[in-house]
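Participant: Pasting a structure here, questions to come.
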């Protein structure tokens, strides 16, 4: 039973560190044991105090020390000590001071509460005369020198990092006071460095004995490994912090007014699932090595993995014992390589070869070159060699270069001769497509080989391996290249939540942030408690009322109604999620060309704008994430190289898949506002269950998305003589903007994406 439960106390979440009113800081287990042991014994209190004094002296380098109840009590005792000295008559006379030396000075800008007792009240309790020097935001040396006379008994200095910057620093304050033989009392309750004040010449110092920083996961990972699972779902700013700490080898720990620099050394190992999105190129570049774990298609290997897993779960100890010798062998080889590594040299020829590898991979920056050399040295050490060979660089390149490669994607993607002349009108293009249907030889007139979805009859194994695994059907499936003849107009997506004009480069949109992140733009009245106080606005709100408020010893009397909070803005990139009907109806092939072309063009512009694009296609009886949310052109090129079309229309499955992906995005960052673009004719032909209507299933899922009030657009491609208007009904259920197009074009698609967020009405283009 807790003490709160035993006595009916309210449970307190302490965010004020060792505040006395909250019971000071929590005591660690060793200290609690010491207290428990001494409570059961009788001890002469002066002997205990002398023992404590010796211990405090060792920790602080001071002459002596004593234990008091709190910082306020320590300040009162220190003030009384400088007033009386060792004179018993003066000690008994307190607080009735009859001698002239009774003033205690403090900088006006340092007037604050000591715990929950104002410093001026603590001083006055001793009978001393409390004197403020300087101004609220400024104190110069002449202020202090003018105040120091024969009536001054001591000077107070408060160690706090939130005071005005124009106050006297501690070193200057102590020097001037000692010139006049005036002792300095320092309130250092928030400090963790117990030796600093003695070195600075402070005469009396008050510390908080239980204030301590407790490091977190980063500290626990020191000299070890920090593993990040699903690192792509981690907030990007947190991931950047972790990677920067690992690179620098140090971090600044700040908590509850305490600050501590910590040196650390650890290795970051991260795992990501591409289905839930990729890391940015800049973030990937900070990882030295990259390993792509592909699916294992060998039956025997999969069986062996399953057997070992079952064996481990059944008897962990026996499994570990079985592989103990193998593990020891690997461990011994690693330790041997680590001891040999400092002796491994790299010749100038190998350095030049590493640079050639990096240049051919079109990498950005120089991290690749450095990591390539270091990885090659490690491989040489594992091979028990003291020199690097070309084969070491070749092997290292497999892990260092793939995630850093920046290829010219326009040159590598297959080009379509059909679209070489953008000036051709639609009639000419339609006629060409009719006259140039592919023959039985498997080639189209442009000279590009047609690759079937599952690799049937094709020799392009690489393309086949990267294809989305749609179920195989009886109808013909075609794979088309992207339309790269796309002119990307300015694409500023803004909605009701984002009405701030973007300026300069970087992320496109400005959004209001409830977190303590972003640029401070204005102040507002807080709704409830706030931890992000706008000091300037708070002072302005309190200033007109100062004459009517009773002074509490502070320069400015601030009440609760004066408090103002900061309203911040931060830049956010756009996220476009394309949900594309890949069924055999309504010209799916042309639709795919247009969408893929738009995706690549948007990604080419994404480096500066921080935009990200994803794509889901639905056909036959399922929906497939073809392109997870990414801003990587190379990743999109690989995923969309082969995109089959044909089959039925599982519209409901596609909507469900899109909602799942959007849910993951919101969990990753609730402030982002993705744009869902649905391209379909609305003619659903595949239901969720055997006994349900496909259209009703789709409308039901669309209505569920509509309840979320997300930004969406429905592009209706229905062009038959009899129009059912199903896509329009979908848009109404989703609360999405509606567009009808007879034929998909890239420029029109981009303009729709731009227009979607501005207006939510219906359009017929």
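Participant: If a residue counts only when it is more than 30 Å from residue 191 (Cβ to Cβ), outside the structural domain of residue 674 (by TED's automatic domain parsing) and touching a strand residue (DSSP E or B) at 6+ places or on another chain (Cβ under 6 Å), which strands (runs of 3 or more DSSP E) contained entirely in segment 250-324 have at least 3 such residues?
Facilitator: 267-271
Residue-by-condition table, conditions (1) within 19 Å of the chain's Cα centre (by Cα); (2) modelled with pLDDT under 80; (3) buried (at least 21 other Cβ atoms within 10 Å of the Cβ):
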position: 564; (1), (2), (3): no, no, yes
position: 570; (1), (2), (3): yes, yes, no
position: 573; (1), (2), (3): yes, yes, no
position: 619; (1), (2), (3): no, no, yes
position: 634; (1), (2), (3): no, yes, no
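Residue-wise test of (1) surrounded by fewer than 16 Cβ atoms within 10 Å (Cβ to Cβ); (2) over 31 Å from the mean Cα position of the chain (by Cα); (3) farther than 24 Å from residue 335 by Cβ.
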| residue | (1), (2), (3) |
| --- | --- |
| 347 | yes, yes, yes |
| 360 | yes, yes, yes |
| 364 | yes, no, yes |
| 368 | no, no, yes |
| 377 | no, yes, no |
| 382 | no, yes, no |
| 398 | yes, no, yes |
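Participant: Failed condition for residue 237, given (1) assigned to a loop (DSSP other than H, G, I, E, B); (2) at pLDDT below 80, with all others met?
Facilitator: (1)
Participant: Could I ask something else about it? Going through segment 352-389 one residue at a time, which ones are assigned to a helix (DSSP H, G or I), touching a helix residue (DSSP H, G or I) at 6+ places or on another chain (Cβ under 7 Å) and more than 15 Å from residue 400 (Cα to Cα)?
Facilitator: Scanning segment 352-389 gives 380, 381, 382.
Participant: On to the next question. Just give me the residues in segment 214-234 being more than 19 Å from the chain's Cα centre (by Cα), in a loop (DSSP other than H, G, I, E, B) and loosely packed, with under 13 Cβ neighbours inside 10 Å, in sequence order.
Facilitator: 214, 223, 224
Participant: Being surrounded by 21 or more Cβ atoms within 10 Å (Cβ to Cβ) and either at pLDDT 85 or above or outside any loop (DSSP other than H, G, I, E, B) (or both) narrows it down to one residue among 156, 142; which is it?
Facilitator: 156
The values are calculated or read from the model by the stated rules, or taken from the named source; none is laboratory data. Predicted, not measured: the structure shown is a model, and the values here were computed from it. Using ideal geometry, Cβ is built from the backbone for each residue, glycine included, and neighbour counts are taken over all protein chains shown.
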